Amino acid sequence: LNAVVKDDTAIAYEEKLKKYLESILINSELADRIRAAFDAYIFLSYRKMDRRYANDLMRLIHSNSECRDIAIWFDEFLTPGENFKENIERILDDCELFTLLVTPHLLEKVIDKNGEIKDNFVIANELPMALENKEKKGTDIFAVEMVDTDKAALHDIRIDDCVNVKNEESFRNRLLESVSKFALKEDDNEPEHNFLIGLAYLEGIDVEVDRRRAAE
C-alpha cells in the first residue's frame, strides 16, 4: 500500500486501503448488526483512575449467563473524533441501567484549568443525569462498591443503595433484580444471534474482549 504511487492505471490508494481494512476489521454495517443483536445496554460510570476496576466489573457482570447478551458501554468505546460530552448524554439517555463504580476516588474533588476546586466529571455530569433519568423514566441506578467507601459521603451524593462486590450473593441478586426489569428472557439460541454476539466478544464491540466466550 503505497500512498505516493502516481500510476493512473493502478487501483487508487484509498480503494486499496479501504479493501485492506475491511479484510481485517468489522465494517460499519456488520458492527450495526452486532449492536442490534444485544438485548440491552448498560452504562458504566467510573473515574479514570479506576479503569482496572471497570474492566473487572464488566467481566463480573458478564460472568452471569443471564447478562451475556447485554452490552456494557463506557467511554473507552467512544470512536476517535466523537464529542465526548454529547455522546455520553445521548447514551445515558438510551441506556436501560446506570451502573456506578464506587471507590473513594468517586468522592474526590478536582482542580480545573483555572485552579478552582470542583466536583469530578462523574459527580458533576453523569450522576445528575442518571438521577434525573431515574425520576423521569425509572431507569435504575446500580451502585457497586469495588473498594470500601465512606457511606455518609455516598449518602450526600444520593447514593444509599450500594452493593459491595465482595458479597457475591448480594451482588448477583441486585444485578439480576435490575436487569430483570428490561432484559431477562428465555435463551435466544438463534444461530445468527449467537454468531453476532460471538463477534462482539471477539472484537470487543461494546463488550470486553473475551475470546473464550466468543468461541462459546
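Structural remarks
- Peptides 199-208, 15-24 ranked from most to least packed by the mean count of surrounding Cβ atoms within 10 Å: 199-208, 15-24.
- Amide hydrogen neighbours beyond the local backbone of ASN120, cut-off 5 Å, H modeled: VAL110
- Of the residues PHE98, PHE43, PHE182, the one that moves most in a GNM of the chain with alpha-carbon contacts below 10 Å is PHE182.
- Selected from GLU86, GLU168, GLU116 as most flexible by GNM, with the chain as the system and alpha-carbon contacts under 10 Å: GLU116
- Cα-Cα P(r), the chain, percent of pairs per 10 Å interval: 7, 29, 32, 17, 9, 4, 1, 0
- Counting only protein heavy atoms and using a 1.4 Å probe, the accessible area of MET49 comes to about 90 Å².
- Packing-based order for 64-72, 106-114, using average beta carbon neighbours within 10 Å, highest first: 64-72, 106-114
- Each residue of the range 19-26 was assigned a 3J(HN,Hα) from its phi angle through the Karplus curve 6.51 cos²θ - 1.76 cosθ + 1.60 (θ = phi - 60°); the sequence is 4, 5, 4, 5, 7, 10, 10, 6 Hz, with glycine and proline shown as x.
- Computed from Cα atoms, the angle from the helix 127-137 axis to the main principal axis of the chain rounds to 90 degrees.
- C-alpha long axis of helix 168-179 to longest principal axis of the chain, angle in °: 70
- In degrees, nearest ten, helix 191-203 long axis to first principal axis of the chain (Cα): 80
- Relative contact order (%) - criterion: Cα under 8 Å, at least six apart; region: the chain: 22
The values are calculated or read from the model by the stated rules, or taken from the named source; none is laboratory data. The structure displayed is predicted, hence computed values, not measured ones. Every residue, glycine as well, gets a Cβ built from its backbone with ideal geometry; the counts of neighbours run over all protein chains shown. Side chains are part of the model used for accessible areas, which takes the heavy atoms of the whole protein and leaves out ligands, DNA and RNA. Shrake-Rupley method; radii C 1.70, N 1.55, O 1.52, S 1.80 Å.
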